[in-house]
Amino acid sequence: MKRKYENNEIRKAFVEVYERLFMDEKFQNQNQFAISIGTTHSTVSLILRSERKPSISMIDLLIKTYNINANYLFGTSKKMYRGFHDSAHVNLN
């Protein structure tokens with residue numbers, strides 16, 4: 001069964017960013033990530049499963065919180081991070 005937002009390019013880029021941030025240990029779990037972008041872990045789960053796409057406010061916080069290149073999310077750049085990768089450290093405590 002095809003998911004509603006499976007082919008949405010912004011959702012795909014969002015998932016790639018999520019996976020990269022997780023690999024880079026920028027957050028500890030899905031709930032922590034969700035809070036950092038102003039949503040719930042349930043909403044993030046729906047996005048990861050292609051059942052929802054990220055809102056503009058989620059994208060805005062993703063860009064600001066993790067130093068993500070907006071052009072990457074919109075498919076016009078291959079560079080995920082703005083500036084230096086290591087500067088994307090987030091303290092959520």
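With every protein chain in place and a 1.4 angstrom probe, the accessible-area ranking of Phe22, Phe14, largest first, reads Phe22, Phe14. Checking the table Lys2/Lys79; Lys12/Lys78; Lys2/Lys78 against a 23 Å threshold on Cα-Cα, which pairs fail? Among Lys2/Lys79; Lys12/Lys78; Lys2/Lys78, the Cα-Cα distance tops 23 Å for Lys2/Lys79; Lys2/Lys78.
Charging the Cβ of each Asp and Glu at -1 and of each Lys and Arg at +1, and nothing else, the dipole of the chain about its Cα centre rounds to 340 debye. A crude spin-label estimate for the pair Ile35 and Glu9, with each label 7 Å from Cα along the Cβ direction, gives 3.5 nm. Here, the chain is characterised by an Rg to Rh ratio of 0.94, where Rg is the alpha-carbon radius of gyration and Rh the Kirkwood radius.
Percent of Cα pairs in the stretch 1-51 per distance bin of 10 Å, from zero to the largest separation: 26, 54, 18, 1.
The values are calculated or read from the model by the stated rules, or taken from the named source; none is laboratory data. The model shown is predicted, which means the values in this text are computed figures rather than measured ones. Counting neighbours? That spans all protein chains shown, and the Cβs are built from the backbone with ideal geometry, glycine included. For accessibility, only protein heavy atoms count, side chains too; no ligands or nucleic acids. Shrake-Rupley method; radii C 1.70, N 1.55, O 1.52, S 1.80 Å.
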